[in-house]
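Below: one structure, written as structure tokens.
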Amino acid sequence: MSFNPYLSFDGNCAEAFGFYEKALGGKIEAMLTHGETPASADTPPEWQDKIIHACLSLNGTVIMGGDVPPQMYQPMTGFSVNVVMPTATEAERVFAALSQDGTVQMPMAETFWAERFGMATDRFGVPWMVNCFRPDPNGENCQ
């Protein structure tokens with residue numbers, strides 16, 4: 001079983017996924033517009049180039065998303081996408097990229113469980129937690 005976040009955007013999914021591809025070092029595997037689907041004839045002209053489905057691959061994990069029509073869109077709340085980085089340096093880099101032009105809730109810092117941890121909402125409204133866990137001598141980190 002796997003769990004993959006599916007993020008909803010207010011018309012800027014393509015821009016957001018291009019940003020995540022760079023910031024996270026992933027690869028966009030799919031970017032399908034409404035106009036490329038069998039339902040394109042029933043899609044308003046202004047939504048033909050909006051994304052119905054995007055998929056970004058990140059070392060065996062994926063983040064998916066799409067643009068949501070304005071009458072259905074709601075800002076993202078009540079969750080965070082948690083990213084676990086292998087080194088403190090990488091955690092710092094990813095956090096700096098994700099928080100650029102966004103809002104930092106908790107600056108990147110050392111904590112009792114992590115070499116580095118920070119929380120931010122990016123410029124697209126997606127809440128993120130960036131972790132670089134401390135090595136656990138018993139190998140019991142929940143990563």
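The values are calculated or read from the model by the stated rules, or taken from the named source; none is laboratory data. What you see is a predicted model, and the numbers here were worked out from it, not measured in a lab. Note that each Cβ is placed from the backbone with ideal geometry, even for glycine, and that neighbours are counted across all protein chains shown.
Below are the figures for this structure:
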{"quantity": "Residue match in the stretch 77-88 (condition: under 21 Å from V130 (Cα atoms), under 12 Å from the mean Cα position of the chain (by Cα), outside any loop (DSSP other than H, G, I, E, B) and aromatic (F, W, Y))", "calculated": "no"}
{"quantity": "Single residue of the stretch 49-61 satisfying the filter (outside any strand (DSSP E or B) and modelled with pLDDT of 95 or more) that is nearest to N4 (Cα to Cα)", "calculated": "K50"}
{"quantity": "Answer from P135, P69 - the residue that is in the same structural domain as Y20 (by TED's automatic domain parsing), in a loop (DSSP other than H, G, I, E, B) and either surrounded by fewer than 20 Cβ atoms within 10 Å (Cβ to Cβ) or out of contact with any helix residue (DSSP H, G or I) (no Cβ under 6 Å at 6 or more places or on another chain) (or both)", "calculated": "P69"}
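Residue-wise test of (1) in contact with a helix residue (DSSP H, G or I) (Cβ under 7 Å, 6 or more places away or on another chain); (2) of a type in the set (G, A, S).
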position	(1), (2)
G11	no, yes
A14	no, yes
G18	no, yes
E21	no, no
G25	no, yes
I28	yes, no
S40	yes, yes
I51	yes, no
